[in-house]
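This report refers to the structure that appears directly beneath it.
The values are calculated or read from the model by the stated rules, or taken from the named source; none is laboratory data. Not measured: the values here are computed from a predicted model. We place every Cβ from the backbone using ideal geometry, glycine too, and count neighbours over all the protein chains shown. For the accessible areas, the whole protein counts, side chains as well, though only heavy atoms, and no ligand, DNA or RNA atoms are used. Shrake-Rupley method; radii C 1.70, N 1.55, O 1.52, S 1.80 Å.
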Amino acid sequence: MTIRALLASVAISSLLASALPAMAQTPPPADPLAATGHWSIPERSQARTPPMGWNSWNAFRTEVDEAKVLGAARAMVDSGLSRLGYTYVNIDDGWWLRRRQTDGRLEIRTGLFPSARVEGQDSSFRAYTDTLHGMGLKAGIYTDIGRNACSQAYDLHSPNLPEGTTAEREVGLHGHVDQDIRLYFQEWGFDYIKVDACGINVYGPENPLVAQYDYTPVPPLIDQVTINRTDISAVQTLYGEVAQALETHNPDGDYILAICNWGSADVRTWGKNVGHMWRTSGDITPTWTRMLHNFDSASTRALYAKPGAWNDPDILFIGHGDFDQNHLTEARSHFALWAMINAPLLISYDLRQAPKSLMDIWGNADIVRLNQDPGGHQAVIAYASDDVQIIVKTLSNGKKAVALFNRGLAETELTLTAAQLKFADGAPVQLRNLWDQTASTFTGDTKFTLKPRETLVFEAAGQRTLSDGVYLSEVPGDVNVAVDGVIAPEPDPVVHRMRNAWGETRGSGERPTYTGWGGAQADATPYDQALRIGGQGFDTGLGVLTNSRLEVRNEGFTRFEAQVGVDDSTRNTRDAVRFAVYGDGRLLSESTPVSFGAAATALTADISGVEIVEIVARSEALTSDLPLVVTWGNAALRR
Ligand code: GLA
């Protein structure tokens, strides 16, 4: 990158940062790589672990009604699911009747929600949320960031779409952010809101539907086919306004904001500043290959999730299609995978009549516990292939959870090594199978045979490779990618591409364009290569681009250490990078500039008493526009 390009990218990031809502704690520094000594994302009281509960959409679409929702709520309480943590009961699209034109107030479809009809008064969800709160549950509602919602474009057959004039049918937040958020949270008592994005995506003037149904044409801010045509900062600003209104109307921070813009607009980078979770892909469907697609959109982004801010690969589809009671292997895999990557666990099934076999999946307390581990460390991919994957999650009790995942249709054998768990080779490893509670022990390595589409999941105890510390890639929940060095957003090529469940194979196929490629990764480079410096491989470390800054929480460790250098996979083989370690904003240690081909350099720093360690890779005079990949090999905090 030329100096001009560098300055331009700095200017763009400052511009983006300045569009952040007031929630961000400190004003953006002029130099985004300058150490701040702060954890730069807001500390939140809600969603310290991934939100859990129920959502109406995959079960009922717009045919949601009060009996169905309260029936699910009752079943959650009676079955004990709520005691496991399933507490949010979320109505999705379909609840609204119209926006009243005299004062802009939203009216509820009281035919579906009878308790919302109050004689002689405005319709209100207060009685409904009181009922849920009385059951010890929490209430979630749904809206859209634009004028119109998704169902108004995609569920046109539905009898439950908003009614009336063009303006009356504009039930989304556009022009009413403050009014609606106040209504939902202060007056109606909701605790959670999902904010969809069809209103800034599908109502473009060229869409025939717009004229046909007399919608206000809205030039799309999100283009799901071409990243370069999405207006990232405009999307970010709109969600920032919602975050601001939520703060105003919930001064105690007692709310959850779920951003639903399907991985677009580089939400991976800014979602954590604005909301508590953000969708990483388009909608899940009840098909195995679409589940793979949604899983892949989140599984390579461990470093972007942490307590209060989660990757969301979408609502569970357990109970339907490929995950119904006749496909329990698939249903269990879906559940275990979501649990491992710290996905929100939102059941979407008619719980009034759920078979025990499905209840046992959602109710697997051990697997729920690993999802809800307070450390908030998303699982990291230890072994990657299109056929099988081994993913490992650090638990706060020092143990690991490991999932052995057979993605394919053939029975397959795999070997699990102690090293993949970052456990010592020579010491015994105890495994407890979280599906059937069987226990086993191995030293060094062990083999398993997996049925087609099976996911085995274990809790593993052993002797940690690093007995006096942690590798940073083991604790993604303690690492914040403040600046990831990405120059231009790129689509992510490792996401599984499936034939659309709803489509024929006309055209040339759908390419996922979820931004996120090139971001920081645990135990891999930003482009999913194995970490390697000057011919030396590293199974452990962080891979990132130059001109990046990562914040790391330090709880009592005294020494930072890493083997640093330009990664052998870099496309920019010309330019140099300097690695620096800061403690609470002070420079502690710095490398000399290093370039492609040089052996890894040891970098250590005394971090005694430091709360926030920042690790910065900086290139001052880039001569190439190609991305410069850098590796923090074996990066660790030690005592
Ligand atoms: C979009 C969202 C879904 C669901 C529907 C409702 O497709 O991504 O999760 O909320 O809208 O219409």
Revision key, fill the gap. In whole percent, the Cα-Cα distances of the chain spread across 20 Å bins from 0 upward as 19, 53, 26, 2
Practice item. Send over a whole-number figure in Å² for the accessible area per residue of the chain, probe 1.4 Å. Key: 37 Å²
Check your understanding: By accessible area of protein heavy atoms, probe 1.4 Å, what ranking do Trp96, Trp517 get, highest first?
Key -> Trp517, Trp96
Exercise for review: Return the carbon/sulfur percentage of the accessible area of the chain, one whole number, probe 1.4 Å, all protein chains in place.
Suggested key: 50 percent
Review point. Longest span of the chain, sites excluded, free of GluC sites (Glu not before Pro) in DSSP loop with at most 10 other C-beta atoms within 10 Å?
Key: 207-503
Review point. Can you pull the accessible area of Ser333 for me, 1.4 Å probe, Å² to the nearest 10?
Key: 0 Å²
Point to revise | Cα-based reach from Lys272 at 25 Å (exclusive), listing lysines while leaving out same-chain residues under 8 positions away | key: Lys138, Lys194, Lys306, Lys393
Review point. Sorted by accessible area with a 1.4 angstrom probe, largest first, how do Lys68, Lys356, Lys272 fall?
Key: Lys356, Lys68, Lys272
Practice item. Would you calculate a helix-derived [θ] at 222 nm for the chain, using -39,500 (n - 2.57) for each DSSP H run of n ≥ 4 and dividing by the full residue count, to the nearest 500? Key: -5500 deg cm²/dmol
Review point. Can you give the relative contact order of the stretch 209-323 as a percent, counting alpha carbon pairs under 8 Å and 6+ residues apart?
Key: 20 percent
Exercise for review: Any chance you could look up the accessible area of His327 with a 1.4 Å probe, heavy atoms only, rounded to 10 Å²?
Suggested key: 60 Å²
Revision key, fill the gap. Relative contact order of the stretch 575-639 (C-alpha contacts under 8 Å, at least 6 apart) in percent is 38 percent
Check your understanding: Over the stretch 512-639, with a single point scatterer placed on each C-alpha, what log10 of the ratio I(q)/I(0) does the Debye formula yield at q = 0.16 1/Å?
Key -> -0.72
Exercise for review: Work out the length of the dipole vector of the chain about its Cα centre, built from +1 on the beta-carbon of each Lys and Arg and -1 on the beta-carbon of each Asp and Glu, and round it to the nearest 20 debye.
Suggested key: 680 debye
Check your understanding: Which order do Thr631, Thr623, Thr131 take by accessible area at a 1.4 Å probe, largest first?
Key -> Thr623, Thr131, Thr631
Point to revise | Relative contact order for the chain, counting Cα pairs under 8 Å that sit 6 or more residues apart, in percent | key: 13 percent
Exercise for review: Pull the list of the chain cysteines that no other Cys approaches to under 4.7 Å, Cβ to Cβ.
Suggested key: Cys260
